[in-house]
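Novice: Next up is a structure, given as structure tokens.
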Amino acid sequence: MTQLRHMLLAAVLALGVAGYSGACLAQATGSPDAPAAVAAQPVEAVPAPAVSAAPAVAAGHLPRDLSPWSMFQAADVLVKAVMLSLAFASLVTWTVWFAKSLELTLARRRLAGALAAIADERSLADAQAQLPSERGVLAACVAAAAHELRLSSDVTDKDGIKERVASRLQRIEVAAGRRINRGTGVLATIGSTAPFVGLFGTVWGIMNSFIGISKAQTTNLAVVAPGIAEALLATAIGLVAAIPAVIIYNHFSRQIAGYKALVADASAEVQRLVSRDLDRGLAPHHLSLAAE
């Protein structure tokens, strides 16, 4: 009995050890299935970052060519008219500069040569003999003095003759100054009005740019900049026309002042010749005959 009891107890222990070992083996073999199950689940696709459409939009509004000629072609009709008028004014400025420079140079050279020719003459008749074919201001002064002496051939008042000669010479001076000033007034007009004409074109162009901004409903610089640049081009052309006109006008003012001083010297030289002849005691009719 005792031996049988020991045998049953050993069998029960063996069964218990066998059951425990089976459970542990089942857990050991089943535990890797959980990660596998997790790994087997489908991975959701990560959405790719959306490509910004801003470059495409910006590419649709890239600035056009902003060269001066392109901006002129794209400008408003009124702004084009302003630019063309300013370009014409600039052309007039340089034409006047060329023509007036040539005229002043020749006039000063002719008058200076005539003054040098009669510088050593002692009488009006001798001076007139030195200018037989001269048609300048000095020849006109000598001819006017001789004409007045001819008209005063029956007058003995020397002071009266001198006054009348001086009056004729003064009118010749005024006429010479008026003639040499001809054409310079347009330079003053261009210099004073061209910037404002260009500013008018700029204001008009900027107004059109703002209207375009309101219609496009955008403040993108690529949309705004071309219109403003076209408008500012009008002011730039106005300054290009005005600045040379002012400089050239001031230059001619100095040159003309020098020429008028030379004409005054010619008038004074003729008056000295008349006065010298009168002081010699020659009668006016003798002077007129000698001048002829």
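The values are calculated or read from the model by the stated rules, or taken from the named source; none is laboratory data. The shown structure was predicted, so the numbers you read here are calculated from the model rather than taken from an experiment. For neighbour counting, all protein chains shown are included, and Cβ atoms are generated from backbone atoms with ideal geometry for every residue, glycine included.
Novice: Checking residue 158 against (1) at pLDDT 90 or above; (2) touching a Leu at 6+ places or on another chain (Cβ under 6 Å), only one condition comes out false. Which one?
Specialist: For residue 158, the failing item is (1).
Novice: Being basic (Lys, Arg) and in contact (Cβ under 8 Å) with a residue 24 or more places away in the chain is the filter here; which residues of the range 221-260 pass it?
Specialist: Correct list: 260 only.
Novice: Limited to the range 137-168, what total is found for residues that are assigned to a loop (DSSP other than H, G, I, E, B) and surrounded by fewer than 19 Cβ atoms within 10 Å (Cβ to Cβ)?
Specialist: The number of residues fulfilling the criteria is 5.
Novice: While we're looking at this one, here's another question. Would you call residue 191 in contact with a Pro (Cβ under 9 Å, 6 or more places away or on another chain), in a helix (DSSP H, G or I), at pLDDT 90 or above and over 23 Å from residue 115 (Cα atoms)?
Specialist: It is true that residue 191 is in contact with a Pro (Cβ under 9 Å, 6 or more places away or on another chain), in a helix (DSSP H, G or I), at pLDDT 90 or above and over 23 Å from residue 115 (Cα atoms).
Novice: Restricting attention to the range 73-92, which residues are over 14 Å from residue 238 (Cα atoms) and buried (at least 17 other Cβ atoms within 10 Å of the Cβ)?
Specialist: Scanning the range 73-92 gives 75, 76.
Novice: Return yes when residue 119 is among the aliphatic types (A, V, I, L, M) and in a helix (DSSP H, G or I) and no when it is not.
Specialist: It is false that residue 119 is among the aliphatic types (A, V, I, L, M) and in a helix (DSSP H, G or I).
Novice: Only one residue in 123, 52, 133, 67 is of a type in the set (S, T, N, Q) and either surrounded by 14 or more Cβ atoms within 10 Å (Cβ to Cβ) or at pLDDT 90 or above (or both). Which one?
Specialist: 123
Novice: Turning to a different aspect of this structure: Determine the pairs where a residue that is in a helix (DSSP H, G or I), located within the range 261-276, has a partner that is loosely packed, with under 14 Cβ neighbours inside 10 Å with Cβ atoms under 9 Å apart, the partner being 6 or more residues away or on another chain.
Specialist: 267/170; 269/119; 273/122; 276/122
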